[in-house]
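Bear in mind these aren't lab numbers, they're just calculated from the coordinates by the rules spelled out. The structure displayed is predicted, hence computed values, not measured ones. Heads up, the Cβs are rebuilt from the backbone with ideal geometry, glycines too, and the neighbour counts pull from every protein chain shown.
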Amino acid sequence: MPFQEYQVVGRHLPTEADPTPKIYRMRIFAPNEVVAKSRFWYFLRQLKKVKKASGEIIGVNVIHEKKPLKIKNFGIWLRYDSRSGTHNMYKEFRELSRADAVKALYQDMAARHRARFRSIHILRVVEIEKSEDVRRPYIKQLLVPKLKFPLPHRVQKVRSTFVAHRPSTF
C-alpha cells in the first residue's frame, strides 16, 4: 500500500456565536484521500471539540517531495498502542521521500512490535540535514565517506562440464 502525504485543512462549522471558527491544518500520511480525511477527523476529535458532523473540510492537497531522487535521512517521532500500554518512540530511516520513510516505519513497527496501522500515531517527520544529528548507529554506519560493500566469495565461472568435441576412436 503506497502512502502519500496529504495536507488536510478543516474547521468547525460557522455558528452565530462563532462566525469565523479557527482553521486546523494537518499533514497526514494515508494510502488515499478518503483515509486521509478519516484520520483528520479522528485526530481533530481527539485534540479539539470538533467532529465530522459539526465540522467541514476546506481542502485536501497531496504534498509531493521536492527532490524525489536524493537520498535523505528522516527522523520520525511516533506514539503507538501496544498490548501493554501506550509508548512514545523515535526512529530513523534512510529513504528517498517522507512517504517512503513512513511506509518503512509502518513495516518496521509491524515487524518488530506487531503494531497495526490504526494503533500508530505519527507525531513528526523531519529530514535530518546534518550527519552529526543522526542518532541511530544503523543509519550512522551508512554515512561513512567512500563506503564500499565488499563481495566476498566470488566464484569464477568455470567452463561447462559438457563440452562438445569430436570423439576419438583409436
Original post:
What GluC sites (Glu not before Pro) in segment 83-160 are in a loop by DSSP, with at most 12 other Cβ atoms within 10 Å of the Cβ?
Top reply: GLU129
Original post:
Taking a ≥ b ≥ c as the square roots of the eigenvalues of the Cα gyration tensor of segment 2-92, is the shape rounded (a/c under 1.5), prolate (a/b larger than b/c) or oblate?
Top reply: oblate
**OP:** Could you run the Karplus curve 6.51 cos²θ - 1.76 cosθ + 1.60 with θ = phi - 60° over segment 144-151 and give me ³J(HN,Hα) per residue in whole Hz, x for Gly and Pro?
**Re:** 5, x, 6, 5, 10, 10, x, 10
**OP:** Write down the Kirkwood hydrodynamic radius of segment 58-97, to one decimal in angstroms, obtained as one divided by the mean of 1/r over all alpha carbon pairs.
**Re:** 12.9 Å
Original post:
So which aspartates and glutamates pass the test for LYS67, namely a Cα distance under 15 Å, with those fewer than 8 places away in the same chain ruled out?
Top reply: GLU5, GLU95, ASP100, GLU127, GLU129
Subject >> Loop GluC sites (Glu not before Pro), segment 1-67, which have at most 11 other Cβ atoms in a 10 Å radius of their Cβ (DSSP) >> reply: GLU16
Original post:
Calculated from DSSP H runs of 4 or more alone, at -39500 (n - 2.57) each and per residue, what is the 222 nm mean residue ellipticity of the chain, nearest 500?
Top reply: -6500 deg cm²/dmol
Original post:
Within the set LYS49/LYS91; LYS66/LYS140; LYS22/LYS52; LYS72/LYS140; LYS91/LYS148; LYS49/LYS103, which residue pairs have Cα atoms separated by over 19 Å?
Top reply: LYS49/LYS91; LYS66/LYS140; LYS91/LYS148; LYS49/LYS103
Original post:
What angle, in degrees between 0 and 90 and rounded to the nearest 10, separates the Cα long axis of helix 98-113 from the longest principal axis of the Cα atoms of the chain?
Top reply: 80 degrees
Original post:
Rounded, prolate or oblate: which one fits the chain, using the alpha carbon gyration tensor with axes a ≥ b ≥ c (rounded when a/c is under 1.5, else prolate when a/b beats b/c, else oblate)?
Top reply: prolate
**OP:** Using amide H atoms built 1.01 Å from N in the peptide plane, name the residues 5+ places from ALA115, or on other chains, whose amide H lies under 5 Å from its own.
**Re:** ALA110
Subject >> segment 125-168: trypsin sites (Lys or Arg not before Pro) falling in loop per DSSP and having at most 14 other Cβ within 10 Å >> reply: LYS130, ARG135, LYS146, LYS148, ARG154, LYS157, ARG159
Original post:
For ALA17 and SER38, what does the FRET efficiency come to when R0 = 25 Å and r is the distance between their Cβ atoms, rounded to the nearest 0.05?
Top reply: 0.35
